[in-house]
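What follows draws every value from the coordinates through simple rules; no lab data is involved. Since this is a predicted model, take the numbers as computed values, not measurements. Reconstructed Cβ throughout: ideal geometry from the backbone, glycine too, with neighbour counts over all protein chains shown.
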Amino acid sequence: MTVDTNNELAHHVAVAVGSVVLAGVLWLAGYDGQRIVGAVPWFLLFFVMIIGPAVRIWPAIRRRFAGNFPVNWRSELGIWFAIWSVVHVLFVFWARDWDVIGYVADMSPWAFGAMVAVLLAVVLAFTSNNSAYDYLGGRAWKWHQSHGTYVIFWLVAVHGYDRAYLRPGFPSDDPIHWAYLLTIVVVVVFHVVAFVTVVSTYRQTGEYPSDVR
């Protein structure tokens with residue numbers, strides 16, 4: 001799969017506006033600020049996670065649209081995921097009266113994992129550009145970005161499940177919690193189907209797709 005390290009201003013504007021619109025919809029639905037700034041980055045991460053397998057499953061997508069779509073949106077989606085995640089952490093600290101040390105000392109393992117995920121997201125955001133690609137080289141850059149994204153996803157997924165289903169006061173019948181579960185299932189299904197698709201291509205042709213490394 002062709003990587004895309006460019007950051008298009010139009011894409012950034014679209015993702016930023018879309019994020020604010022989603023936040024507004026959640027606000028009108030009655031969610032408070034802290035939950036909104038937790039939900040918005042999750043859905044951005046969801047899109048980052050399904051783009052890769054989607055173009056494996058439906059390669060016609062890339063033939064139908066110009067400009068390496070939708071791969072060329074992953075960088076901007078990932079960067080805004082990092083921005084919203086940092087905002088979410090700031091909301092958490094604000095709710096604790098900025099007792100950062102006390103919060104870190106008392107955090108659950110799942111919250112600690114989410115904090116690690118945010119730090120990783122910031123690192124990936126700062127290296128999601130042409131300069132980092134040229135410095136690291138294509139293979140190292142792709143390894144760094146793809147593996148980092150998978151780690152982030154599962155750390156945040158476990159944290160979200162803990163907050164939605166394992167804590168008192170967070171009812172599991174909340175629609176947004178069902179949305180979290182659904183998106184996790186969709187990501188897993190997409191990646192499994194994409195893997196099967198690649199293997200099937202190999203079994204039929206004796207070769208992997210040219211961009212599989």
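Between A111 and Y161, what length in nm is gained on full extension when 0.36 nm per residue of separation is reduced by their alpha carbon distance?
Full extension of this stretch gives 16.9 nm more.
Relative to the first principal axis of the alpha-carbon coordinates of the chain, what is the inclination of helix 138-165, with its axis defined by its Cα atoms, in degrees from 0 to 90 and to the nearest 10?
Around 40 degrees separate the two axes.
Specify whether the C-alpha gyration tensor of the chain places it in the rounded, prolate or oblate class, a ≥ b ≥ c being the square roots of the eigenvalues: rounded for a/c under 1.5, otherwise prolate if a/b is larger than b/c and oblate if not.
The shape class here is prolate.
Angle, helix 74-95 long axis vs. longest principal axis of the chain, Cα atoms, 0 to 90°, nearest 10?
With rounding to tens, the tilt is 10 degrees.
Please rank I176, I184, fewest neighbouring Cβ atoms within 10 Å first, as an exposure proxy.
I176, I184
Give me M115, M49, M107 ranked fewest to most by other Cβ atoms within 10 Å of their Cβ, as a rough exposure proxy.
With the fewest neighbours first, M115, M49, M107 line up as M107, M115, M49.
Can you compute the charge dipole magnitude of the chain about its Cα centre, using +1 on each Lys and Arg Cβ and -1 on each Asp and Glu Cβ, nothing else charged? Give it in debye, rounded to the nearest 20.
700
Separation between the T201 and V20 pseudo-spin-labels, each 7 Å from Cα along Cα→Cβ, expressed in nm?
According to this spin-label approximation, the distance is 3.9 nm.
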